[in-house]
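The values are calculated or read from the model by the stated rules, or taken from the named source; none is laboratory data. The structure displayed is predicted, hence computed values, not measured ones. As a convention, Cβ positions derive from the backbone with ideal geometry for all residues, glycine included, and neighbour counts pool all protein chains shown. For the accessible areas, the whole protein counts, side chains as well, though only heavy atoms, and no ligand, DNA or RNA atoms are used. Shrake-Rupley method; radii C 1.70, N 1.55, O 1.52, S 1.80 Å.
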Amino acid sequence: MARVSGTLPSPSPREFGEDLIAALVSEEALGTCGAPAFTTVIPAREAAYADWPDWVHPPLRAELENCGIKRLYGHQAEAANLAHRRTSVVTATGTASGKSLVYQLPIVTALAESQSDTALYLAPTKALGADQLKNAARLTNSLPGLDTAHPYPYDGDTPSDIRPWIRNHARWVFTNPDMLHIGILPSHERWARFFRGLRYVVVDECHHYRGIFGSSVSWVIRRLRRIARRYGADPVFILASATTANPAAAATRLVGINCAEVTEDCSPHGARTVAMWEPGFLTSGPDHGSPAPARRSATTEAAALTASLVREGARTLTFVRSRAGAEFASMTARRLLDESGTGLAHRVTAYRAGYLAEDRRRIETDLAEGELLGVTTTNALELGVDIAGLDAVVIAGFPGTRASFWQQSGRAGRRGQGAVVILVARDDPLDSFLVHNPAALLGKPVEATVTDPGNPYVQGPHLLCAAAEHPLSDAEAAQLGVVDTLHLLEADGLIRHRPSGWFIAPGVNPHEEVSIRGGAAGQVAIVESATGALLGTVDAGRAPATVHPGAVHLHQGDTYLVENLNLEEGLALVRHEDPGWSTTSRSVSDIRITHIRVHSSHGAVSLGLADVEVTSQVVSYLRRLPTGEILDTVELEMPTSTLHTVAVMWTITPGHLTGAGIADDELPGALHAAEHAAIGLLPLVATADRGDIGGVSTALHADTGLPTVFIYDGHPGGAGIAERGHSAIREWLTATADVIERCGCVEGCPSCVQSPKCGNGNDPLDKAGAIRVLRAVLGELPQGPAFVSEPPQTAQPVPMP
């Protein structure tokens with residue numbers, strides 16, 4: 001194959017994929033040490049077209065036809081027609097299927113026909129919003145008579161001196177839920193002109209709104225709708241989504257009004273070669289805890305694949321799981337390209353949230369224009385940015401949901417050409433399962449989007465925001481079903497009930513205290529102490545684990561050492577230094593049952609779904625060499641945090657465990673190992689990331705009096721993860737036991753029972769005992785998915801029978 005030129009020859013799509021995979025397993029590949037465990041080709045798809053609707057603004061149609069859009073795809077015409085007829089609609093089709101036109105057609109037409117109409121666009125990421133804004137501006141700039149319809153951004157990067165002009169004059173505003181929550185709705189009086197004319201609201205990539213973030217956004221949208229009603233507007237919602245299960249139900253739950261759905265994807269797509277890639281073993285594994293060697297990390301292997309693909313001239317986007325991972329992968333790929341003498345190292349960079357706005361825009365432009373051949377990124381570039389001509393996508397570790405996997409993989413081949421998608425398995429139970437059971441990923445439908453607007457930990461703060469924006473009437477409270485929550489807020493002195501409704505209490509300013517993305521409100525600024533330069537930000541809730549004193553912080557290829565973290569001031573000071581090691585924080589947790597929602601008994605095993613209180617604290621961090629060797633553990637004194645959430649739990653009687661061959665001294669390690677593996681496999685049955693899940697296991701829990709395992713949601717009030725695990729517990733625990741049994745290690749490894757975030761340093765762990773525990777539990781459970789639940793209990797704490 002041609003190299004270094006940055007331009008690939010044009011074989012058939014199937015040959016294209018086969019050639020690239022062959023190059024990656026050849027002896028000339030740059031630093032790879034793995035191989036595909038499974039490869040398949042997803043065939044190309046032909047387009048299905050529809051005629052232009054008669055209502056489309058004629059100059060708009062003419063401009064689009066001049067740009068080569070002679071006809072619409074079938075799903076574009078169907079969804080745009082529904083929106084034009086004032087029916088809220090969600091279009092759930094694949095990546096690069098032209099969903100942008102679905103909202104552009106009715107919005108541009110409305111703005112051209114009425115000088116008072118306005119439209120609002122919401123994106124979950126800045127990259128997506130900036131890209132869609134650019135496309136919309138290009139469209140309005142090319143049409144006569146649309147000078148007042150020019151779209152404007154209104155987000156954290158918008159200069160303060162032009163914000164008043166946007167409020168007073170803009171008719172098409174591009175923003176995000178965060179800015180809508182904290183910068184627009186609290187000052188809606190300033191936006192009265194805009195809200196009076198609000199005709200359309202676009203919610204782009206709405207499948208991204210799931211869990212706590214999605215539940216919070218659902219309340220932000222409900223607050224938006226009530227403010228719009230105050231000014232006499234009733235906007236139509238146009239939602240765009242990746243292919244998901246039950247998109248109409250998910251969209252209706254998100255925006256609070258009925259939505260139609262359009263799901264038949266009529267766009268063309270080139271063939272894609274999908275490879276499930278398993279990294280090779282390292283020659284040694286000093287901290288592996290097993291005679292079997294550890295596998296190379298997915299991030300390191302993905303970096304090597306990126307370098308090899310770039311050398312082959314393939315424009316490549318590599319997704320990794322963390323900000324630090326994006327930086328590390330970029331540095332590694334550049335080093336490999338430097339060592340190979342290709343002269344291409346400067347055409348690879350990292351991209352992630354936390355970069356300054358000008359850096360993000362420059363990288364997006366360079367990638368779109370082909371100046372960059374390789375970008376390593378977090379999911380910040382997963383959504384929607386229209387980057388043409390990508391040849392390959394590398395995904396370092398299963399991204400948590402099938403929806404995200406298909407969304408990321410769809411970034412390649414966006415113009416119908418062939419493409420390669422490589423999922424690199426982490427040394428992790430779930431990834432190990434998927435690599436050896438590819439049908440569980442490639443052959444199953446995507447998950448339904450889960451949001452829970454009724455979560456009281458989400459609902460309460462947003463009701464305070466709503467009341468601060470405009471008092472809630474009794475009729476509104478009854479319609480929303482929030483009267484009980486309002487009374488609880490009243491008891492806390494945060495809100496007051498008057499004959500005319502519910503009013504925010506004096507001195508209460510709720511907006512800045514509410515983080516809609518699930519973490520603690522506010523950001524911690526990361527500042528270089530020697531220069532005062534702002535390097536980026538991190539969520540306050542993540543700061544103790546990521547920018548604690550002594551932590552190694554990566555930024556745009558440079559390494560920094562954290563000198564000090566001040567959570568009260570929201571400031572982490574760092575100095576430019578590469579100590580030669582990385583750091584990983586460790587925490588400890590305790591758990592208390594406060595209320596049992598569901599309970600069922602099955603012989604020696606009891607299952608429960610419970611409200612719990614989890615107390616945790618970051619207590620230390622590991623310093624690890626690039627070889628994987630652990631230098632030492634450094635103690636930390638970080639503040640304690642308390643989480644009220646939901647857990648799926650099970651108990652098992654000591655006699656049954658003895659009968660399963662588990663001695664008393666083996667029990668802590670067996671339960672601990674089973675807990676780790678179960679956490680790793682829960683995303684198989686629930687829409688979750690492993691980082692969203694926690695666990696505690698104990699040979700004797702104070703509230704149950706029995707050996708107990710808890711797996712809990714990592715968000716206040718829960719995010720539906722534990723509920724899904726409880727309802728699919730047989731499938732979940734069966735897969736967990738299978739993964740442990742199949743793993744080739746002797747005493748346990750990261751592919752089965754070790755956890756990278758274990759607060760106890762993966763000690764004790766008993767792999768064989770974990771298998772016996774899980775098989776003993778499964779042996780008591782009835783066949784089939786259904787379990788008989790007892791009525792919820794009320795005592796606090798509530799022991800499991």
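Pull out a ≥ b ≥ c, the square roots of the eigenvalues of the alpha-carbon gyration tensor of the stretch 622-686, then state rounded if a/c is under 1.5, prolate if not and a/b is larger than b/c, and oblate in the remaining case. Since a/c reaches 1.5 and a/b is larger than b/c, the shape of the stretch 622-686 is classed as prolate. Applying 0.36 nm per residue to the separation of ARG85 and GLU731 and subtracting their alpha-carbon distance, the gain on full extension is 228.1 nm.
Here's the picture: a label point sits 7 Å out from the Cα of ALA663 along the beta-carbon direction, and within the stretch 734-751 the residues with their amide nitrogen under 18 Å of it are 747.
What is the list of residues in the stretch 544-570 whose amide nitrogen lies under 17 Å from a point 7 angstrom out from the Cα of VAL619, following Cα to Cβ? Residues passing the 17 Å test: 545.
Using a simple charge model, +1 on the beta-carbon of Lys and Arg, -1 on the beta-carbon of Asp and Glu, nothing else, what dipole does the chain show about its Cα centre, in debye to the nearest 20? Present the calculation step by step, with values, prior to reporting the outcome.
Details: 65 positive and 87 negative charges, 422 e Å.
Roughly 2020 debye for the chain.
Looking at the square roots a ≥ b ≥ c of the eigenvalues of the Cα gyration tensor of the chain, which shape do they give, rounded for a/c under 1.5, prolate if a/b is larger than b/c, or oblate?
On the way: a/c = 1.56, a/b = 1.15, b/c = 1.35.
It is oblate, given that a/c is not under 1.5 and a/b is not larger than b/c.
Between the C-alpha center of the stretch 528-579 and that of the stretch 119-134 there is a gap of 29 Å.
Restricting to Cα atoms and excluding each atom paired with itself, what does the Kirkwood estimate give for the stretch 470-530 in Å?
Values: mean 1/r = 0.0721 Å⁻¹.
13.9 Å is the Kirkwood radius here.
Between ALA530 and ALA35, the distance separating the two model label sites (each 7 Å from Cα on the Cα→Cβ line) works out to 4.7 nm.
Place a +1 charge on the Cβ of each Lys and Arg in the stretch 555-673 and a -1 charge on the Cβ of each Asp and Glu, then give the dipole magnitude about the Cα centre in debye, rounded to the nearest 20. Don't skip to the answer; put the middle values down first.
Values: 6 positive and 16 negative charges, 102 e Å.
It works out to roughly 500 debye.
The residues packed around GLY280, meaning those with a beta-carbon under 9 Å from its beta-carbon, carry a net charge of 0 if Lys and Arg are +1 and Asp and Glu are -1. Taking 4.7 Å between C-beta atoms as the pairing limit, the chain has these partnerless cysteines: CYS33, CYS67, CYS206, CYS259, CYS266, CYS465, CYS758.
Between ALA350 and THR376, the built amide H atoms are under 5 Å apart, and every one of these is 5 or more places off in sequence or on another chain.
Straight Cα distances below 26 angstrom link LYS767 to the lysines LYS757, with same-chain residues fewer than 8 positions distant left out.
A simple count of charges around LEU239, restricted to other residues whose Cβ falls under 11 Å of its Cβ and scoring Lys, Arg +1 and Asp, Glu -1, yields -2.
I need the peptides 559-570, 448-459 ranked by packing, meaning the mean over residues of other C-beta atoms within 10 angstrom, with the highest value on top.
Working: 559-570: 15.2, 448-459: 20.8.
Result, highest mean first: 448-459, 559-570.
Surface calculation, 1.4 Å probe, protein heavy atoms: CYS743 sits at approximately 30 Å² accessible. For the chain, the 222 nm mean residue ellipticity estimated from helices alone, with every DSSP H stretch of n ≥ 4 adding -39500 (n - 2.57) and the total spread over all residues, rounds to -9500 deg cm²/dmol.
Heavy-atom accessible surface of HIS436, to the nearest 10 Å², is about 90 Å², with a 1.4 Å probe and all protein chains retained. Computed from the C-beta positions of TRP581 and ASN168, the FRET efficiency with R₀ = 51 Å rounds to 0.40.
In terms of the Cα gyration tensor, with a ≥ b ≥ c the square roots of its eigenvalues, is the stretch 163-271 rounded because a/c is under 1.5, prolate because a/b exceeds b/c, or oblate? Numbers along the way, then the final one.
Details: a/c = 2.03, a/b = 1.77, b/c = 1.15.
Prolate shape, in that a/c is at least 1.5 and a/b is the bigger ratio.
Restricting the count to DSSP beta bridges whose residues both fall in the chain, what percent are antiparallel, rounded to a multiple of 5? Roughly 60 percent of the beta bridges in the chain run antiparallel, per DSSP.
Compute the length gained on full extension between VAL25 and ALA702: take 0.36 nm times their separation in residues and subtract their Cα-Cα distance, giving the result in nm to one decimal. List each step's numbers first, then the result.
Values: separation 677, 0.36 × 677 = 243.72 nm, distance 5.37 nm.
Fully extending the segment from VAL25 to ALA702 adds 238.4 nm.
If you take all other residues with their beta carbon under 12 Å from the beta carbon of PRO58, and give Lys and Arg +1 and Asp and Glu -1, the sum is -3. Ignoring lysines fewer than eight residues from LYS99 along the same chain, the ones with Cα atoms less than 17 angstrom from its Cα are LYS70, LYS134.
Mind checking the per residue accessible area of the stretch 316-365 for me, 1.4 Å probe, whole number of Å²?
38
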